[in-house]
Amino acid sequence: MLHIPLWRRLFVWAVCLAGLLLALPNAFYQRVERSNDAEAAIERGLTTQELEFEAGLWPSWLPDGLVNLGLDLRGGAHLLAEVQVQDVYATRMEALWPELRDTLAAERETVGFVTREDGPEGELRVRISEAAGAERALELARGLATPVTTLTGAGASDLSISMNGTLLTVQLSEAEKAASDDRTVRQALEIVRRRIDEVGTREPTIIRQGDDRILVQVPGVGSAQEVKDIIGTTAQLTFQPVISRTSDASASAPAGAEVLPSLDEDGIFYVLESAPVVTGEELVDAQPSFDQNGRPAVSFRFNPTGARAFGEYTGENVGALFAIVLDEEVVSAPQIQSAIPGGSGIITGSFTVEESTNLAVLLRAGALPAELTFLEERTIGPELGQDSIDAGKLAAIAGGVAVIVVMAVSYGLFGWFANLALVINMILLFGALSMLGATLTLPGIAGIVLTMGMAVDANVLVYERIREEMRTAKGPARAIQLGYERALSAIIDANITTLIIAAILFTLGSGPVRGFAITLGIGILTSVFTALFVTRVLVVMWFERKRPKTLRI
Amino acid sequence: MAFRIVPDDTNINFFRAARVTFGASVVGMIVSIILFFTMGLNYGIDFTGGTSIRTEAEQPVDVGAYRDALAGLDLGDVVISEVFDPTFEEGQHVAQVRIQSQEGEGSVSSETMTAVATALQQVDPTLEFTAAESVSGKVSGELIRTAILSVLGAMGAILVYIWLRFEWQFSVGAVAALVHDVTLTIGIFALFQIKFDLAIIAALLTIVGYSINDTVVVFDRARENLRKYKTKPLIDVLNISANETLSRTVMTSGTTLVALIALLVLGGDVIRGFVFAITWGIVVGTYSSIYVAKNIVLMLGVKRDWDKPSKPTGGQFANVDA
């Protein structure tokens, strides 16, 4: 009646063993962390004896996933920035004005004199003197528009142009605004990521949130201000003539020249003329593309001033090397193949498609495309985090011991089965958190303590049911079986409702609250597993050995 | 012999004092609502916007001196409070400084932050800033919306789930119990002016989850007993169910409370409000599943033609062996 097939028993124990192995690294947190860091460094190509030793601190055949500590436990900075996407509209209109003026001026006979009038930001207002030329002016302005290049806005024009009497009003169309917003936020995200990566802190989180926000979480920094300083500096993009290429970092630069390191090639330096030919401010676009041989490349376009300077320089220096410098580092130094008069060019090199895409993003993303305003800033000092960990640990141990005592006193031997299941439950919980790479926060610790209290609930439901069935059923074996069967629907209903709550918390919550939802949700799953499977196997194993006539429960 | 917290054969008539208990619940809720509107909640910066700085010093906190130091900075409303906690070491003096949202939509500027830090360090050079949080008014509005949405969403989801698994009367009873628990929790936060922030919303949702857990266990038994005793009056069936599940209810609430009290005392001041909300919620949640949810079911009555086989009344789950 109480028979459980061998394979099911093995499965239960295998899950417990897997949980133990996955949870184990957390017991040696610092040791495993050092080992993981060293392994990551070795993977990047750095190899020293010290690193090898550090990597060997934790055997490579054991799982090495750790529960990440949230900012409130580790200390660090949390920032929520809003990208002022509408900044870009104004910039675009400013850039359009000279082009529009020249186009209209070319047909002065029809449209008359062209004057610009003040308008709201992001709107270009132009007055023409000949009312009769209004239609022609509108036609000319429409000629400047290009189709929007997104999936949703396909076919739409990027400019919204209207003519009211002699007043021509130009602004970005809604489709283009949406496309532009998306591009702006992507660029800003890319720049923020790049700048924070350069500082090299451990595991920063930089993600887009909603339409126009960027969430930045950097563990281990002293204050949110430091992160703001890193993000706030504008990237400088320049195009500079190359004097020579060297592997000597201390190479002396002649007057009017400077030595800069290469971005990709370690140990390579370039001696460059300090005065740039063109700067990134004169770049209007950069796109990943392919050269005539089908190799990945990046095409770019300058504004008229940049185009003139670039055309003259390349014309005079065919065959020379020309460095693209970003934030004091040489991104690439291609050879000038021919004069580039049209203000647009192509950068070839030994790129992969991915690299050329990134380079295009970086070129476009030289400076932040729009201002960032910070909506939320939180700094948690590492000491406060450590205090919280200590307090949480102590409370968890005290809470656990208290629960174990209550269960043992109330249910005797069966209580100890539940207690063993509770310990296994905690191990499985940590195993699951490590496997998922979930983040443990301070409310998350509260979630664990709450789970401990509630974890025994399923066992209590079963035990109480067994007690009841003992009074009516024939013999203890039947009572145990009925106890498990009849308590099942209550256990499932009760836990599914809590799981619903955990899911809602996870979806709507952020940061610490989300950490709470994760531990609560996983805790429910592991506690149902331990109550329905682990204690059941324990009870049945005990029963098979002892064959008691009555149950003392 | 194992110890029993609750004797095996209790026969408590939970409805005998129904007028008193239900009345007490209604009064409690009304008082909570009045407290909410008169005293208001002590909202944290998550919901009001502004800046909160946690300071730690070796010398005792002198709130007056701190206030004087900040008075010259023209920051508007500044609240300084000393934090006490049994887990603090000797010579660890913690204070919380709260500054209202400054002009403009962004969070507090770095100049303001530096000015505050300098002013306070003049009072006490050993002062360290262990945490600083700043939320702009724009975000706090959204956070309030999300918070309300999540509490309502949770209740809605549970209403639907219980409705699917049980009868609609049970579903209404369960949600009434939840509203009761959430209202009383908000009431006690208004009464003691405990800081009400995002974490407390998480606590409220946990209370919702826990309370429903308790209620569902009683309902599950009532559903079973309604089939077993087809002719007994509803009131008796509900009473039998409550008595049968009483020892489980007390046991589970007991173990959970024991664990939470450990966290309340030893878990540090940072999460004390959060843990307090959950602890309180479990007490009222246990009460409400015994005295509120069933009362509602009794008032609404339950259709008891269980024999019609075609009606999917949410039966037992299939038997599953270990």
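The values are calculated or read from the model by the stated rules, or taken from the named source; none is laboratory data. All figures in this text were calculated on a predicted structure; none of them were measured in a lab. Cβ: placed from backbone, ideal geometry, glycine included. Neighbour counts: every protein chain shown. Surface accessibility is based on the protein's heavy atoms, side chains included, excluding ligands, DNA and RNA. Shrake-Rupley method; radii C 1.70, N 1.55, O 1.52, S 1.80 Å.
What the table below lists for this structure:
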quantity: Checklist (1) at pLDDT below 70; (2) more than 15 Å from the chain's Cα centre (by Cα) applied to residue A:201, failing item; calculated: (2)
quantity: Selection count where residues are within 13 Å of chain B (Cβ to nearest Cβ) and either of a type outside the set (S, T, N, Q) or not in a helix (DSSP H, G or I) (or both), scope the range A:415-439; calculated: 7
quantity: Matching option when the condition is part of a helix (DSSP H, G or I), surrounded by 14 or more Cβ atoms within 10 Å (Cβ to Cβ) and not aromatic (Phe, Trp, Tyr), among A:22, A:17; calculated: A:22
quantity: Residue tally, condition surrounded by fewer than 22 Cβ atoms within 10 Å (Cβ to Cβ) and either in contact with a Ser or Thr (Cβ under 8 Å, 6 or more places away or on another chain) or over 30 Å from residue B:268 (Cβ atoms) (or both), over the range A:70-88; calculated: 5
quantity: Search result, residues across the range A:366-414 that are under 30 Å from residue A:278 (Cβ atoms) and either surrounded by fewer than 18 Cβ atoms within 10 Å (Cβ to Cβ) or at the interface with chain B (Cβ under 9 Å from one of its Cβ atoms) (or both); calculated: A:367, A:371
quantity: Any chance residue A:536 is outside any helix (DSSP H, G or I) and of a type outside the set (S, T, N, Q); calculated: no
quantity: Hits in the range A:481-506 - residues which are under 32 Å from the mean Cα position of the chain (by Cα) and facing chain B (nearest Cβ under 8 Å); calculated: A:495, A:496, A:497, A:498, A:500, A:501, A:502, A:504, A:505
quantity: Hits in the range A:221-250 (condition: modelled with pLDDT under 80 and assigned to a strand (DSSP E or B)); calculated: A:237, A:238
quantity: For residue A:512: the one exception among (1) modelled with pLDDT of 85 or more; (2) within 9 Å of chain B (Cβ to nearest Cβ); (3) over 24 Å from residue B:160 (Cα atoms); calculated: (1)
quantity: So residue B:78, is it in the same structural domain as residue B:177 (by TED's automatic domain parsing) and of a type in the set (Val, Ile, Thr); calculated: no
quantity: Any hit, the range A:45-63, residues being touching a Lys or Arg at 6+ places or on another chain (Cβ under 8 Å) and among the hydrophobic types (A, V, I, L, M, F, W, C); calculated: yes
quantity: Residue check, residue A:466 within 11 Å of chain B (Cβ to nearest Cβ), part of a helix (DSSP H, G or I) and modelled with pLDDT of 85 or more; calculated: no
quantity: Pairs, first closer than 27 Å to residue B:176 by Cβ in the range B:29-48, second open to solvent by less than 50 Å² (accessible area, probe 1.4 Å) and of a type in the set (Ser, Thr, Tyr), C-beta under 8 Å, six or more apart; calculated: B:29/B:183; B:32/B:183; B:33/B:183; B:47/B:140
quantity: From A:310, A:302, residue being at pLDDT 80 or above, under 23 Å from residue A:259 (Cα atoms) and buried (at least 16 other Cβ atoms within 10 Å of the Cβ); calculated: A:310
quantity: Filter pass, residue B:194 being in contact with a strand residue (DSSP E or B) (Cβ under 9 Å, 6 or more places away or on another chain) and more than 12 Å from every other protein chain (Cβ to nearest Cβ); calculated: yes
quantity: Matching residues, the range B:246-266, being touching a residue at least 40 places away in the same chain (Cβ under 8 Å) and either within 7 Å of chain A (Cβ to nearest Cβ) or open to solvent by less than 40 Å² (accessible area, probe 1.4 Å) (or both); calculated: B:246, B:247, B:249, B:251, B:254, B:256, B:266
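So that you can scan it fast, the table gives a plain yes or no per residue for (1) at pLDDT 85 or above; (2) open to solvent by 30 Å² or more (accessible area, probe 1.4 Å); (3) β-branched (Val, Ile, Thr):
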site: B:3; (1), (2), (3): no, yes, no
site: B:8; (1), (2), (3): no, yes, no
site: B:11; (1), (2), (3): no, yes, no
site: B:29; (1), (2), (3): yes, yes, no
site: B:51; (1), (2), (3): yes, no, yes
site: B:55; (1), (2), (3): yes, no, yes
